[in-house]
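Read through the structure below, which is laid out as structure tokens, and then see the notes.
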Amino acid sequence: MTLHYAGLDEAGYGPMLGPLCVAMSSFTVDNWTPGEKAPDLWALLSKAVGKTKRDAKSKVAVGDSKTLKLSNTSKTQHPLVHLERAVLTFLATRDGDFPRTDIQLFESLGAQLENQPWYSGAPIELPLGLTTDQLAIDISHLRSEMSKVNINLHELTVRVVDVTEFNRTFLEHRSKAAATQLALVELLSRVQSQRVKNQFTRVICDRQSGRTRYHSILSSVFHELEIQEETPRASRYGFKEELGVTLTPKADNAYFPVALASMAAKLVREISMIRFNRYWGTKELELKPTVGYVQDARRWLNDTDSIISDDERKAMIRLA
């Protein structure tokens with residue numbers, strides 16, 4: 001039997017500036033036995049894929065994006081080197097080649113940045129921290145290992161919730177979490193639309209808060225879901241052997257599809273902020289870039305007080 005195995009995660013829930021990015025990766029795994037747990041893709045692809053920065057010396061690292069993203073002050077490697085290596089390599093196994101610019105990357109991931117001048121400008125060439133020859137070796141090796149165990153990347157997509165949409169959703173629902181929920185439901189609907197006869201589906205989502213009850217949200221997408229567990233450890237739902245949906249804390253460190261989704265979401269957010277800082281850096285040459293998180297965003301907004309209009313501030317600052 002074929003298993004459709006998907007994972008979802010977000011990046012950018014906390015910042016004051018920049019987009020919220022919610023991503024999904026999904027794989028098809030052939031020769032899977034119903035009743036078994038979803039396979040450990042790290043184990044199946046262990047010759048080509050690792051999980052940590054140490055593993056990245058010889059393999060493609062796929063793990064928690066917060067751990068694999070390097071410090072912005074890194075002198076020896078580009079801060080995004082591990083994120084782009086994983087995302088570009090896996091995209092190439094699906095598409096035949098990797099995106100050569102950030103614009104192509106956004107198109108491959110279905111990521112649409114807000115139509116604002118601070119996200120405009122010339123394409124950014126990729127890769128940022130690798131050579132094309134290094135990527136070509138990774139792609140060839142990974143493609144070979146995936147073929148051996150009948151695994152294929154089915155989808156890698158990023159839903160960008162821009163500041164305008166984020167603020168509109170917050171005002172409508174009076175809940176910051178509503179923006180994440182909106183994107184989550186959209187991506188889960190893609191999973192539902194792709195379900196086919198004689199294929200089994202497992203979905204893992206990273207849980208961001210202490211909430212344990214998700215049945216009402218998930219039932220808007222998967223109408224047949226039954227509650228299996230709603231505890232601090234995990235919220236699990238399913239329908240016979242055909243469908244299973246789990247939300248659990250720190251899933252990006254425990255489930256491969258969630259980890260890859262985490263990396264894609266983080267990569268899109270970070271590149272969007274590179275564009276953001278590039279634009280405003282041309283307005284004020286001594287301006288120190290911002291990562292968008294609250295304390296640093298306040299510093300940056302104070303530094304740009306003389307060059308940003310009230311309308312621009314309103315358009316770029318989240319309400320929560």
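Restricting attention to region 283-312 and to residues that are out of contact with any strand residue (DSSP E or B) (no Cβ under 7 Å at 6 or more places or on another chain) and surrounded by 16 or more Cβ atoms within 10 Å (Cβ to Cβ), the residue that is nearest to W118 (Cα to Cα) turns out to be I308. Scanning region 232-247 for residues that are more than 16 Å from K37 (Cβ to Cβ) and among the hydrophobic types (A, V, I, L, M, F, W, C), we see that the one that is modelled with the highest pLDDT is L247.
For every residue, the table says whether it meets (1) buried (at least 20 other Cβ atoms within 10 Å of the Cβ); (2) out of contact with any helix residue (DSSP H, G or I) (no Cβ under 8 Å at 6 or more places or on another chain); (3) outside any loop (DSSP other than H, G, I, E, B).
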{"position": "M146", "(1), (2), (3)": "yes, no, yes"}
{"position": "H154", "(1), (2), (3)": "no, no, yes"}
{"position": "T169", "(1), (2), (3)": "yes, no, yes"}
{"position": "A178", "(1), (2), (3)": "no, no, yes"}
{"position": "E186", "(1), (2), (3)": "no, yes, yes"}
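Between L88, L20, L44, the distinction of being surrounded by 14 or more Cβ atoms within 10 Å (Cβ to Cβ), closer than 26 Å to A177 by Cα and touching a residue at least 12 places away in the same chain (Cβ under 8 Å) belongs to L20 only.
Where in region 217-299 are there strands (runs of 3 or more DSSP E), lying wholly inside it, with at least 1 residues that are more than 17 Å from A11 (Cβ to Cβ) and touching a residue at least 24 places away in the same chain (Cβ under 8 Å)?
Correct list: 235-239, 243-248.
Which of the residues that make up region 160-185 are closer than 20 Å to R202 by Cα and in contact (Cβ under 8 Å) with a residue 40 or more places away in the chain?
Of all residues in region 160-185, those closer than 20 Å to R202 by Cα come to 181, 183-185.
Matches in region 160-185: A183, L184.
Filtered by the rule that a residue be basic (K, R) and buried (at least 20 other Cβ atoms within 10 Å of the Cβ), region 52-73 gives K59, K69. Restricting T67, T73, T52 to those that are out of contact with any Phe, Trp or Tyr (no Cβ under 7 Å at 6 or more places or on another chain), among the polar types (S, T, N, Q) and within 17 Å of A265 (Cβ to Cβ) reduces the list to T67.
The values are calculated or read from the model by the stated rules, or taken from the named source; none is laboratory data. In this text, all values refer to a predicted model and were calculated from it rather than measured experimentally. Quick reminder, even Gly has a Cβ in these numbers, built from the backbone with ideal geometry, and neighbours come from all protein chains shown.
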